[in-house]
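Each remark here refers to the structure printed beneath this line.
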Number of protein chains: 4
Amino acid sequence: MRKGVMRPGHVQIRVLDAEAALKHYRDLVGLIETDRDEQGRIYLKAWTEVDKFSLVLNPSDEPGMDFMGFKVVDEATLVQLEQDLLAWGCPVEHIPAGELRGCGRRIRFVAPSGHTFELYAEKEYTGKWGVTEVNPEAWPMDLKGMRAVRFDHCLMYGDELAATYDLFVNVLGFYLAEQVLDENGDRIAQFLSISTKAHDVAFIMHPEKGKFHHASFFLETWEDVLRAADLISMTDTSIDIGPTRHGLTHGKTIYFFDPSGNRNEVFCGGDYNYPDHKPVTWAAEQLGKAIFYHDRQLNERFLTVLT
Amino acid sequence: MRKGVMRPGHVQIRVLDAEAALKHYRDLVGLIETDRDEQGRIYLKAWTEVDKFSLVLNPSDEPGMDFMGFKVVDEATLVQLEQDLLAWGCPVEHIPAGELRGCGRRIRFVAPSGHTFELYAEKEYTGKWGVTEVNPEAWPMDLKGMRAVRFDHCLMYGDELAATYDLFVNVLGFYLAEQVLDENGDRIAQFLSISTKAHDVAFIMHPEKGKFHHASFFLETWEDVLRAADLISMTDTSIDIGPTRHGLTHGKTIYFFDPSGNRNEVFCGGDYNYPDHKPVTWAAEQLGKAIFYHDRQLNERFLTVLT
Amino acid sequence: MRKGVMRPGHVQIRVLDAEAALKHYRDLVGLIETDRDEQGRIYLKAWTEVDKFSLVLNPSDEPGMDFMGFKVVDEATLVQLEQDLLAWGCPVEHIPAGELRGCGRRIRFVAPSGHTFELYAEKEYTGKWGVTEVNPEAWPMDLKGMRAVRFDHCLMYGDELAATYDLFVNVLGFYLAEQVLDENGDRIAQFLSISTKAHDVAFIMHPEKGKFHHASFFLETWEDVLRAADLISMTDTSIDIGPTRHGLTHGKTIYFFDPSGNRNEVFCGGDYNYPDHKPVTWAAEQLGKAIFYHDRQLNERFLTVLT
Amino acid sequence: MRKGVMRPGHVQIRVLDAEAALKHYRDLVGLIETDRDEQGRIYLKAWTEVDKFSLVLNPSDEPGMDFMGFKVVDEATLVQLEQDLLAWGCPVEHIPAGELRGCGRRIRFVAPSGHTFELYAEKEYTGKWGVTEVNPEAWPMDLKGMRAVRFDHCLMYGDELAATYDLFVNVLGFYLAEQVLDENGDRIAQFLSISTKAHDVAFIMHPEKGKFHHASFFLETWEDVLRAADLISMTDTSIDIGPTRHGLTHGKTIYFFDPSGNRNEVFCGGDYNYPDHKPVTWAAEQLGKAIFYHDRQLNERFLTVLT
């Protein structure tokens, strides 16, 4: 949090059928619906999140990610980061307060990888869902489905990883937590953190700009990953892979698809990092194990199905 | 245990390289070496087993299962069961006491499926490994690898499932716990139990007689299945599939191969049954989900790689 | 199951307030209400149980256990066991079919310990709750509270343990799985099994006959024991002790009280046994560790609060 | 990390018998011995920690904590924080580089609560223990005992909580994650964080200055807490309380004592926080539940046994 960027705050995802998407994210993933707007967008959050929303479902003709937003510590930081982005050569767009209900003004920019990101300092504080502020119970009894704990990170596929790294590290204050290097020493995957998490955002080298691989939600335990897997099957939801462990981050994970074809991850565990940790490196020749630690080989679907 | 057959007592597996096999079953699966004999066979047991051995590794030119043995409650039962086998039309062979070190005389027979089974009433009682008989601790500190709890069951591929069912149920006192029926109502998989376990032995319809699919060892928890998966990867052991859950039995499982190519399973959980429970039935058209509950499709390897 | 006694089938518990008790066992423990009768009794079962009920709540002026019933394999066995009980010197009472709704005739007797037991061969088969018989999912989505898997066993306090042992072992076919011996070698606790479970019923030496210590329900995992503990706290339910492990059986456990003061246990794991296993023995001088493996000392409440 | 303080880096604990203490922290807690010095101090670290040590055992005549040290991001930060401490009115002591082997110069100060703290910017980078930097496995196979993941935090008992809060929050950049308020609104417990953890250091109001309650080590799962509990019993280690959950932080925990009487905690889970989260508040009248979420009452020992 060297530059005042605090955490992934929201992601807006395009969905083909809003009600089917709502059912998926609310009843299966276990998010809480918190609002809707006149554009037909549906707002959700995970129960431990204190701000009003972290996922926005945007009815659209094609799936994919519209943008991912990071919360910064205060307005002064937002002002500074806008200047820093411009100084770096990255144009910004101003989105007025209220364009997302309950969210303050946003500074929007497109990373060299082709993905749209936003920064914002204010969002309506609604508190954790289902527990009191004083003497809070351990968890709310009425959670549904996978009982996702929080929106955790996104993984993007795109090109210009080096420039994207420069922007995130030197302008926004992220640090490199994990990476995959090819035989030439070129970085083909970069996992960037602004916290002690193994990644707050990650990028995989891909010839096409701006592709979306997955939005990830945190679960508490490996039992919860099993429960997620069971629920995926019980609800005839399309699975990608899992339960398994990643080599990168060592998180315990399962991947599946929302009804529009956007990939979701739910996971638990994963290594922690501090900024003084050397980045963890995986060699591209071990990419299979880096991605799927147990199978030690990639499934084609994981590499090629993007939205 | 209607006819006095008590439990799966041992399995003898052919291995190409005795020391590599020992390393696999001792250091990775976590069994305890208890003896060797002049034929070069190596005897192992899991730590909770009170008898001297449950796995015998037999150095050989090709992998596979030599035989699986069941312990019966006493000598009188053994005498009766021999008569019952003969009366049913199943020839028996007498293996003298001591042919397996520490084991009493064995009655050997070949089931219609082509697999060799044995019954015996006596085996040297060595007690649980690593814990005392009085005031026993919860578990021994020195367990290795996957820390397998017990040899649990075997799964066989072969034909003549109906006759094999008749032999196991009507002569040996097993009951049908779970089954897969094809569209004609023919049983293509039968999971047979003499306890409250979902299977003590299981058979899958296959045109070739006497094929061995896997020997299975019990673990305590889903965390242990993850640990097993991690160890499989860390030791560069060949994995088949998992961690996952079965539809049949609902056990939580992972499959892998010993250095000779024999398939092993370690699993936890799974449904319990009593003899008055109706058998659980899966329709063949749902075979994918019946076998791999999460993926809901079979991998070719699981169906065709046999020893 | 040497004499055809199959499993603990039901327990009838006296409760002071039927609706409060129902709320406790249905919403907190997670049992399913299946019937009521004209006496005001409420019938419940755990979701994996195939028979109509396993717990009967009997509105009464004082708490405690009315009786515990075991299911036997068939009517012929019931006839034989009645003769065997009488031959042993234990009078029996005939309870007609239908006295408990959906249950066949019951043979009732009082053990030397002062507790009332029953045997029965028939109960309405309702199947597992919430899952289909064909292609069953891993678990039902609508379970409440602790999601108890099954009624597992009861623990009784009373005297004449030796005679009670003789009755259960030699007449009913139980075997001694675990025991506590005092310095004179006298058995002050006996855990009796008719299955591979560490106990289907247990007795602790106590000067007063016929006291009830707890009814126990099985959970699947240690995570579920934590969840149970959390729910106990969230619902302001009176806790006795836990989460912890027992030395005896090594089960992982938590104890609490229903609104009438009857003690409940929910637990997972625990050692398995076969009839040829030597009984596990704990010395009375290690009773603290035998009961509470982690604390290694007894809490007074656990020993003295009985119903 | 608003002021550049990064994480708890080490704690030096006084022990009566160095070898007994080493055995405790190495073989039971599962730390790695990394060095010794001419004063007889023994250096240990947990396996995921990248710096040379996090625990120093100092042979002494009485138990207790000598000091707790925080790592800051760089030397410039150290210089700035020294000025800020002095400006705040807190004298500092300079400890030269090398006084602790492998550690750079330390700025030492005594908080108003009476506890000694240190700041440092440099420590020998030894990397995670037992795994490679490139293509690292999920965990090392040779871990012992509880396999502690990292030194996590300390809890102190002392007075002047308000001044201590002011120092940690306004000078060092911590934020208040959780608190207990008495009926007058006075803070009697403060859990302070510089990360997303629920506490990096915590203080409980106590009339005597400078008392040490416990040093805490992180475990990965609730299964690991059970394993820790089992090991405590197997090794006849003095237990305080657990396994249980805290209301404060909701961590899952167990407490025990080292051979010198210093209290240790191992725990998993616990809430995460960001600086924009309102502090979680527990009312003093609910202190029992705040501390021990399941029992909902305090044990005297937890409150009064300090070193």
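Could you please let me know if D:S60 is of a type in the set (S, T, N, Q) and within 27 Å of D:I188 (Cβ to Cβ)? Don't jump to the end; show me each part of the working.
Numbers: of a type in the set (S, T, N, Q): yes; within 27 Å of D:I188 (Cβ to Cβ): no.
It is false that D:S60 is of a type in the set (S, T, N, Q) and within 27 Å of D:I188 (Cβ to Cβ).
Can you confirm whether D:D182 is at pLDDT 95 or above, in contact with a helix residue (DSSP H, G or I) (Cβ under 6 Å, 6 or more places away or on another chain) and not hydrophobic (A, V, I, L, M, F, W, C)?
Answer is yes for this residue.
Out of all the residues in the stretch C:274-281, is one or more closer than 27 Å to C:E220 by Cβ and at pLDDT below 95?
yes
Can you tell which of B:E220, B:E208 is in contact with a strand residue (DSSP E or B) (Cβ under 9 Å, 6 or more places away or on another chain), under 21 Å from B:R301 (Cβ atoms) and of a type in the set (D, E, K, R)? Walk me through how you get there before you give the answer.
Working: B:E220 fails: under 21 Å from B:R301 (Cβ atoms).
It is B:E208.
Identify, please: which residue in the stretch C:237-255 is within 21 Å of C:L31 (Cα to Cα), touching a residue at least 40 places away in the same chain (Cβ under 8 Å) and assigned to a strand (DSSP E or B) and is, among those, farthest from the chain's Cα centre (by Cα)?
C:D240
Exactly one condition in (1) surrounded by fewer than 22 Cβ atoms within 10 Å (Cβ to Cβ); (2) in contact with a Gly (Cβ under 9 Å, 6 or more places away or on another chain); (3) more than 20 Å from B:Q286 (Cα to Cα) is false for B:H206; which is it?
(3)
Could you pull out every one of the strands (runs of 3 or more DSSP E) wholly within the stretch B:1-115 that has 1 or more residues that are farther than 20 Å from B:F256 by Cα, at pLDDT 95 or above and within 14 Å of another protein chain (Cβ to nearest Cβ)?
Values: elements: B:5-15, B:32-36, B:42-45, B:55-59, B:64-72, B:93-95, B:106-110.
Passing ranges, in order: B:5-15, B:64-72.
Mind counting the residues in the stretch C:116-132 that are in a loop (DSSP other than H, G, I, E, B), in contact with a Phe, Trp or Tyr (Cβ under 9 Å, 6 or more places away or on another chain) and more than 14 Å from C:K52 (Cβ to Cβ)? Give the steps one after another, and end with the answer.
Step one: list which residues in the stretch C:116-132 are in a loop (DSSP other than H, G, I, E, B), which gives C:121-122, C:124, C:126-132.
Checking which are in contact with a Phe, Trp or Tyr (Cβ under 9 Å, 6 or more places away or on another chain) leaves us with C:124, C:126, C:128-131.
With more than 14 Å from C:K52 (Cβ to Cβ) added as a condition, the list becomes C:130-131.
Number of matching residues: 2.
Inspect all residues belonging to the stretch B:194-215 and state whether any of them is on the phi < 0 side of the Ramachandran plot and within 14 Å of chain D (Cβ to nearest Cβ). Talk me through it step by step, then tell me what you get.
Of the residues in the stretch B:194-215, the ones on the phi < 0 side of the Ramachandran plot are B:194-209, B:211-215.
Next, from what is left, pick out any that are within 14 Å of chain D (Cβ to nearest Cβ): none.
For the stretch B:194-215, residues on the phi < 0 side of the Ramachandran plot and within 14 Å of chain D (Cβ to nearest Cβ): absent.
Kindly list the number of the only condition in (1) β-branched (V, I, T); (2) surrounded by 20 or more Cβ atoms within 10 Å (Cβ to Cβ); (3) within 11 Å of another protein chain (Cβ to nearest Cβ) that fails for A:T164.
(3)
Collect the residues in the stretch C:256-307 that are away from every other protein chain (no Cβ under 13 Å), surrounded by fewer than 19 Cβ atoms within 10 Å (Cβ to Cβ) and not in a loop (DSSP other than H, G, I, E, B), keeping them in residue-number order.
C:E300, C:F302, C:L303, C:T304
What are the residues in the stretch B:13-51 that are crowded, with 17+ Cβ neighbours inside 10 Å and free of Cβ contacts under 8 Å to residues at least 60 places away in the same chain, if any?
First, the residues of the stretch B:13-51 that are crowded, with 17+ Cβ neighbours inside 10 Å: B:13-15, B:18, B:21-22, B:24-26, B:28-32, B:34-35, B:41-51.
Across the stretch B:13-51, the qualifying residues are B:A18, B:L22, B:R41, B:I42, B:Y43, B:L44.
Under 7 Å between Cβ atoms, which residue pairs at least 6 apart in sequence (or on different chains) link something in the stretch D:296-307 that is assigned by the TED database to the domain that holds D:Y255 with a partner that is basic (K, R) and in a loop (DSSP other than H, G, I, E, B)?
none
Scanning for something of a type in the set (D, E, K, R) and under 30 Å from B:P140 (Cβ atoms), does the stretch D:166-188 turn up at least one residue?
As a first pass, look at the stretch D:166-188 and keep what is of a type in the set (D, E, K, R): D:166, D:178, D:182-183, D:186-187.
Narrowing the set further to residues that are under 30 Å from B:P140 (Cβ atoms) leaves none.
Within the stretch D:166-188 (the criterion being of a type in the set (D, E, K, R) and under 30 Å from B:P140 (Cβ atoms)), the answer is no, since none of the residues qualifies.
Counting just the residues of the stretch B:218-251 that are of a type in the set (D, E, K, R) and away from chain D (no Cβ under 14 Å), which one comes out nearest to B:R7 (Cα to Cα)? Break it down into steps so the answer makes sense when it comes.
Here is the first cut: in the stretch B:218-251, the residues of a type in the set (D, E, K, R) are B:220, B:223-224, B:227, B:230, B:236, B:240, B:245.
Narrowing further to those that are away from chain D (no Cβ under 14 Å): B:240, B:245.
Details: B:D240: 27, B:R245: 24 Å.
Checked the stretch B:218-251; the qualifying residue nearest to B:R7 (Cα to Cα) is B:R245.
Going by the structure shown, is C:E118 among the acidic types (D, E) and surrounded by fewer than 22 Cβ atoms within 10 Å (Cβ to Cβ)? Break it down into steps so the answer makes sense when it comes.
Details: among the acidic types (D, E): yes; surrounded by fewer than 22 Cβ atoms within 10 Å (Cβ to Cβ): no.
Here the answer is no, as C:E118 does not meet what is asked.
The values are calculated or read from the model by the stated rules, or taken from the named source; none is laboratory data. Values in this document were obtained by computation on a predicted structure and should not be read as measured data. All Cβ positions, even for glycine, are placed from backbone atoms using ideal geometry, and neighbour counts span all protein chains on display.
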